[in-house]
1. For Thr108 and Asp148, compute 0.36 nm times the residue count separating them, minus their Cα-Cα distance, and round to one decimal in nm.
2. Counting only helical runs of four or more DSSP H residues, what would the 222 nm mean residue ellipticity of the chain come to if each run contributes -39,500 (n - 2.57) and the total is spread over all its residues?
3. Ignoring ligands, DNA and RNA, what percent of the accessible area of the chain is carbon or sulfur (1.4 Å)?
4. Hey, got the dipole for segment 27-87? About the Cα centre, +1 on K and R Cβ, -1 on D and E Cβ, debye to the nearest 20?
5. Report Rg (one decimal) and Dmax (nearest whole number) for segment 1-156, counting Cα atoms only, units Å.
6. Calculate the dipole size of segment 225-278 relative to its Cα centre from +1 charges on Lys and Arg beta carbons and -1 charges on Asp and Glu beta carbons; express the result in debye to the nearest 20.
7. Can you divide the C-alpha Rg of the chain by 2.2 N^0.38 Å and report the result to two decimal places?
8. What number comes out for accessible area per residue over the chain if the probe is 1.4 Å? Units Å², please.
Amino acid sequence: MTSSATVTLSPEALAAAPAISHVGVIGAGLMGNGIAHVCALAGLSVVLQDIKPEALAKAMETISRNMDRQIKAGTITQEEKAPALARITTSTELAAMAPADMVIEAVTEKEEVKRQVYKALIPHLKPSCLLASNTSSISITRLGASTDRPEKFIGMHFMNPVPVMKLVEIIRGIATDEPTFAAAVSLAERLNKTVVVAEDFPAFIVNRILVPMINEAVYALYEGVASVASIDTAMKLGANHRMGPLELADFIGLDTCLSIMQVLYEGLADSKYRPCPLLVKYVEAGWLGRKTGRGFYDYSHTPPKPTR
Ligand code: NAI
């Protein structure tokens with residue numbers, strides 16, 4: 001099995017790719033708001049859906065604030081902001097996905113939750129609508145098989161924060177057809193992203209490598225090797241990482257990190273992926289990182305204060 005690092009679509013493949021002008025995004029959390037943001041800036045109509053109305057309100061505030069940052073940084077103009085925001089509508093109802101040419105699902109990293117979303121979503125979709133999951137780790141083949149359209153199902157794994165990070169991993173399930181693949185690649189390119197293709201193995205490329213490193217950092221903390229601040233400083237200055245692993249874990253969300261470790265542990269059946277008990281404990285405590293105000297750092301302090 002091989003994956004090419006660069007993707008070049010043939011004119012025939014491009015011609016066969018369904019056109020996408022209307023995108024649905026399900027889940028308005030960290031990733032959903034970023035995906036809606038970049039799609040709207042690229043001129044696509046976007047409907048953003050979440051079961052929680054407060055998540056939708058927060059997402060629209062975040063998108064507006066992040067666009068202001070981009071204006072300040074000179075990556076977009078002031079004139080682009082209002083029309084982009086106007087291209088996004090929000091809804092708590094899946095029926096709002098009816099006009100979508102492609103739906104990108106970005107709900108909580110739990111297979112059961114995603115399956116339930118697809119089951120409720122499918123009756124509202126056009127038969128031609130493509131379905132992508134932004135899952136960080138779950139099998140695209142298995143998720144696709146739980147829908148009525150495995151051939152139109154694909155993994156599009158955006159990175160956090162979406163407006164800043166250039167990469168999208170694209171993962172075909174075993175049944176994914178070539179027009180769907182070509183449409184996903186074209187969409188990612190339209191969003192100004194660089195595509196890498198990964199085979200459908202647990203956690204794909206980035207998280208297969210990154211999250212076990214984070215888990216190892218939590219083990220180092222758990223075993224008393226060093227404090228939070230020492231571990232993060234060591235990896236920033238010693239490995240030239242932009243963020244320390246524990247700071248990064250808080251940024252990703254500790255629940256998401258734990259779910260990815262569980263998928264690796266179960267999917268690869270190798271004890272080296274055992275989630276660190278301290279990571280489990282933090283998630284059980286509801287200390288999920290930045291999004292809940294506390295994780296390995298306490299974000300009620302400026303700068304955030306290490307908790308161990
Ligand atoms: P999050 O916890 O910030 O947001 C998830 C959102 O889904 C919440 O707003 C929640 O209300 C909503 N939701 C839950 N059940 C729902 C349902 N039945 N219908 C509609 N909305 C529902 O999570 P985050 O971080 O945005 O992750 C979403 C997906 O993106 C996951 O699959 C995750 O693995 C993936 N991902 C996460 C990255 C990260 O750095 N956090 C990076 C790349 C992918």
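1. Working: separation 40, 0.36 × 40 = 14.40 nm, distance 2.12 nm.
Contour length minus Cα-Cα distance gives 12.3 nm.
2. Numbers: 12 runs with 137 residues, N = 308.
After summing the helix terms and dividing by the residues of the chain, the value is -13500 deg cm²/dmol.
3. Values: 8040 of 14310 Å².
C and S atoms contribute 56 percent here.
4. Working: 7 positive and 6 negative charges, 18 e Å.
Taking the Cα centre of segment 27-87 as origin, the dipole is about 80 debye.
5. When restricted to Cα atoms, segment 1-156 yields Rg and Dmax of 16.1, 46 Å.
6. Numbers: 4 positive and 6 negative charges, 38 e Å.
Once rounded to the nearest 20, the dipole reads 180 debye.
7. Working: Rg = 19.4 Å, N = 308, 2.2 N^0.38 = 19.4 Å.
Normalised Cα radius of gyration, the chain: 1.00.
8. On the way: 14310 Å² over 308 residues.
Per-residue value: 46 Å².
The values are calculated or read from the model by the stated rules, or taken from the named source; none is laboratory data. These numbers were taken from a predicted model, which means no experiment stands behind them. Glycine gets a Cβ as well: all are built from the backbone with ideal geometry, and neighbour counts include every protein chain shown. Areas reflect the complete protein model, heavy atoms only, side chains present, ligands, DNA and RNA absent. Shrake-Rupley method; radii C 1.70, N 1.55, O 1.52, S 1.80 Å.
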